[in-house]
Amino acid sequence: MIGAYATYMVQNLFQAYFPSMTGWYLVAAIPVAFLVSAIIGMIIERIIIRPLYGRELETLLATFGVSLILMQLVRMIFGAQNVEVSNVDWLSGAYQVSSSLVLPFNRIAIIGFTIIILMLLVYLLNKTRFGLFVRAVTQNRQMARAVGISSARIDMLAFGLVQGWPVSLAAL
């Protein structure tokens with residue numbers, strides 16, 4: 001939801017301030033949706049989830065409450081009616097595979113974008129220092145802390161990553 005409304009805001013900004021480039025708002029909306037969602041996810045983890053670590057039921061109830069609060073906040077800001085994110089011209093149309101199978105370009109773009117993001121996520125978790133820290137914290141939190149890894153920071157960044165990348169798909 002956060003990614004979709006961030007995309008809507010970017011679309012409106014492009015329509016108001018860059019009308020000649022309205023067809024390219026999606027290129028700007030994808031990183032904006034990721035960043036906004038990741039930042040909100042990290043704030044939620046820091047303020048609400050972190051104090052509840054180890055208490056699964058309370059965490060579940062708290063996240064359900066946060067979702068209700070976010071939905072009401074969006075209704076207050078944007079109204080109760082759904083808003084429209086228009087499809088860009090270069091993703092309109094379809095590829096006809098056969099007489100009974102037609103693949104829309106925007107669905108092909110979603111599949112391609114998902115594959116790229118998945119490959120980047122696998123690379124990030126398997127080949128970078130951050131990925132090494134995430135694996136260390138998930139496998140043995142006390143030992144990771146003993147060797148100097150800030151498990152609280154890794155938890156926050158991982159939560160932001162998990163919140164950010166899928167919602168950037170909402171831009172598509």
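The values are calculated or read from the model by the stated rules, or taken from the named source; none is laboratory data. Since the model is a prediction, treat every value here as computed from it, not as a measurement. Here Cβ is always computed from backbone atoms with ideal geometry, including for glycine, and neighbour counts include all displayed protein chains.
Out of all the residues in region 123-136, which are of a type in the set (A, V, I, L, M) and more than 13 Å from LEU161 (Cβ to Cβ)?
Across region 123-136, the qualifying residues are LEU132, ALA136.
Given the structure, is ASN126 without any contact (Cβ under 8 Å) to a residue 24 or more places away in the chain, among the polar types (S, T, N, Q) and part of a helix (DSSP H, G or I)?
Yes, satisfied.
Run down ARG50, ARG75, ARG55 and say which single residue is among the basic types (Lys, Arg), farther than 29 Å from ALA109 by Cβ and either touching a residue at least 12 places away in the same chain (Cβ under 8 Å) or in contact with a strand residue (DSSP E or B) (Cβ under 7 Å, 6 or more places away or on another chain) (or both).
ARG50
Kindly evaluate LEU132 against the criterion of being part of a helix (DSSP H, G or I) and within 19 Å of ALA4 (Cα to Cα).
So LEU132 fails the test.
Hey, does region 64-78 have a residue that's more than 25 Å from ILE49 (Cβ to Cβ), surrounded by fewer than 13 Cβ atoms within 10 Å (Cβ to Cβ) and either modelled with pLDDT of 90 or more or more than 19 Å from the chain's Cα centre (by Cα) (or both)?
Looking for residues that are more than 25 Å from ILE49 (Cβ to Cβ), surrounded by fewer than 13 Cβ atoms within 10 Å (Cβ to Cβ) and either modelled with pLDDT of 90 or more or more than 19 Å from the chain's Cα centre (by Cα) (or both), one finds none in region 64-78, hence no.
Can you give me the number of residues within region 110-133 that are under 20 Å from TYR25 (Cβ atoms) and in contact with a Phe, Trp or Tyr (Cβ under 9 Å, 6 or more places away or on another chain)?
So the count comes out to 1.
Are any residues in region 136-151 surrounded by 14 or more Cβ atoms within 10 Å (Cβ to Cβ) and assigned to a helix (DSSP H, G or I), and if so, which ones?
Passing the criteria: ALA136, VAL137, ARG141, ALA144, ARG145, SER151.
Could you say which residue among VAL88, VAL83, VAL97, VAL122 is among the β-branched types (Val, Ile, Thr), exposed (fewer than 14 other Cβ atoms within 10 Å of the Cβ) and more than 27 Å from PHE159 (Cα to Cα)?
VAL97
Quick one: THR7 ticks every box in (1) modelled with pLDDT of 90 or more; (2) under 14 Å from the mean Cα position of the chain (by Cα); (3) surrounded by fewer than 18 Cβ atoms within 10 Å (Cβ to Cβ) bar one, so which box is it?
Here THR7 meets the rest and fails (3).
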